[in-house]
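Asker: Before we start, here is the structure in question, set down as structure tokens.
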There are 2 protein chains.
Amino acid sequence: MFETAAIVGPGLIGGSMGLALRQRGLAERVVGIGRRQVSLDKALEAGAVDEATLEPAEGVAGAELVVLATPIGAFGALIEQLAPALRAGALLTDVASTKTEVVETITAGLRGRPDVFYVPTHPMAGSEQSGPEAARADLFEGAVCVITPLADTFPEHKARITELWRALGADVLSMTPQAHDRAVARTSHLPHLAAAALLEMLEEPDGPLCATGLIDTTRVASGKPEIWIDICATNREPVREALRSYGRLIERMAEALDEGNLGALEQILTEARDSRERLVRKRRERRTGR
Amino acid sequence: MFETAAIVGPGLIGGSMGLALRQRGLAERVVGIGRRQVSLDKALEAGAVDEATLEPAEGVAGAELVVLATPIGAFGALIEQLAPALRAGALLTDVASTKTEVVETITAGLRGRPDVFYVPTHPMAGSEQSGPEAARADLFEGAVCVITPLADTFPEHKARITELWRALGADVLSMTPQAHDRAVARTSHLPHLAAAALLEMLEEPDGPLCATGLIDTTRVASGKPEIWIDICATNREPVREALRSYGRLIERMAEALDEGNLGALEQILTEARDSRERLVRKRRERRTGR
């Protein structure tokens, strides 16, 4: 599918892409680009990349496919550095969890390179673990990958990126960066902040009374704070809006208790249970119906 | 340990107690009491009880240990019915998730029976499943069981109930009903409502963008709404207070985003991650250090 693929930041997501590209014969050669030799050594050891370099410009030279998989905060400086080094006709993609600001940053950095084709993506997979040692070739199997093509994206490049993600096992969904960002604020960023806030509510003697329910509810809060700060920083408006309507809903629940209106509370709990059951069923269908 | 134990409501919790009492030789005979024959048949089939009856008074007659494991809402009518039928010297316990109101209801119902000894408990175990078919003899292994003895509980009865729960595999913790209710409002009831509210936030097209993070964060919301309504109804003040301070924390997060104060947000996320890691470590120690 590709002769050479370069992965900038072969951590959990980038490393899993590298593993899958290599194991499935989707790339003849995978080059890993990182900032620390120790991380690159782990990526090599995990089989996520064939070669590794600390020099971004050197690493991407000649690559047909370049994947940006670093934390979002690094994108600005990185694209400045990479843009002149990219091969003519290269397909560039990123796997960031937020899209609107990221797309602005990267298209601005590519202004002098109309011969490089950028198609933004967001694979909805991961775990609270990180690093190339957590990478798995099947990480994207049954996952959804959102692509947010630009107004001027050529259909052939959109098709190529779609084909790539399908080959990695994902279902591909196309939407605008704005619609993506509003949806993930509700489905991912708010749940993360809400879980962290639950942990903040605990008082000193509560420890032994924390059972499996709380442990599961807050699993996502074990993720790296700096990654989530990048996400909040680059998706401020939608996250803020989601937090405020969530706060209003929590207040509505408190009011229902004030008024002894348990019917209102029961309705919310019943809708929530039904909604979760639909989600779980659809996920199962997606995973088994392949 | 007991000759005859009666379990009123042999569902997930009651059924797991029955299984463990029988398998571990802690009771010679376990009688299940239920409202529907079909549930009792399942309890018999699961091996949770030796005998089963639809008549509470008949079922508890002669039992040394009587466990109330029905939904909380049934306690009032049940204790009226049971009180005259209990054997002199019987040890009565309940496994309800809230304690202050439950203790009031049950002690009121026992007013004419100073020869029956009530020790309230709350085993912090369970799952979003229910019914005797989900019962497991090891459900309480490594779990915490809170007991909330009354001012007039005799030390020997407290010791007997403590011994029972230890034999079922639990770590026993003693506190007042009020302290228990405030703590579980934070560690269990609020997380449940918060998870339900996250599901309520979703909009129609969000389904495919719901990944593992959201599914795990909302697992508890698959629980039975009627059980949670009973819990909220019998723990109104603490739950309302927890909802309101949670709402204020969510608002503080939105304000931090308003002000671009990502440092404040990062501090919350870092504290939350550290707090969760401490909880997970302590749970692991509790489970392996036995």
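Asker: Please state which one of A:A137, A:A159 is closer than 30 Å to A:Q23 by Cα and free of Cβ contacts under 8 Å to residues at least 12 places away in the same chain.
Answerer: After ruling out the rest, the residue left standing is A:A159.
Residue by residue, here is whether (1) assigned to a loop (DSSP other than H, G, I, E, B); (2) open to solvent by less than 40 Å² (accessible area, probe 1.4 Å); (3) among the acidic types (D, E); (4) under 23 Å from A:L279 (Cβ atoms) holds:
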position	(1), (2), (3), (4)
A:A137	yes, yes, no, no
A:V146	no, yes, no, yes
A:A151	yes, no, no, no
A:R160	no, no, no, no
A:W165	no, yes, no, yes
A:H180	no, yes, no, yes
A:V184	no, yes, no, yes
A:A195	no, yes, no, yes
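Asker: Next question. Taking the condition in contact (Cβ under 8 Å) with a residue 60 or more places away in the chain, at the interface with another protein chain (Cβ under 7 Å from one of its Cβ atoms) and open to solvent by 30 Å² or more (accessible area, probe 1.4 Å), does B:S222 pass?
Answerer: no
Asker: I need the full set of residues from segment A:197-207 which are outside any helix (DSSP H, G or I) and under 15 Å from A:A242 (Cα atoms), in order please.
Answerer: Those that are outside any helix (DSSP H, G or I) and under 15 Å from A:A242 (Cα atoms): none in segment A:197-207.
Asker: State which residue pairs qualify: first residue at the interface with another protein chain (Cβ under 7 Å from one of its Cβ atoms) and inside segment A:196-211, second residue among the charged types (D, E, K, R) and surrounded by fewer than 19 Cβ atoms within 10 Å (Cβ to Cβ) in any location, beta carbons under 7 Å apart, and separation of 6 or more residues or different chains.
Answerer: Note: pairs meeting the criteria are A:E200/B:E271; A:G207/B:K282.
Asker: Would you be able to tell me the number of residues in segment A:225-262 that are among the polar types (S, T, N, Q), at the interface with chain B (Cβ under 7 Å from one of its Cβ atoms) and surrounded by 20 or more Cβ atoms within 10 Å (Cβ to Cβ)?
Answerer: Within segment A:225-262, residues that are among the polar types (S, T, N, Q), at the interface with chain B (Cβ under 7 Å from one of its Cβ atoms) and surrounded by 20 or more Cβ atoms within 10 Å (Cβ to Cβ) number 0.
The values are calculated or read from the model by the stated rules, or taken from the named source; none is laboratory data. Since we're looking at a predicted model, the values are computed, not measured. Every residue, glycine among them, receives a Cβ derived from its backbone with ideal geometry; neighbour counts consider all protein chains shown. Note: accessible area is taken over every heavy atom of the protein model, side chains too, but ligands, DNA and RNA are not part of it. Shrake-Rupley method; radii C 1.70, N 1.55, O 1.52, S 1.80 Å.
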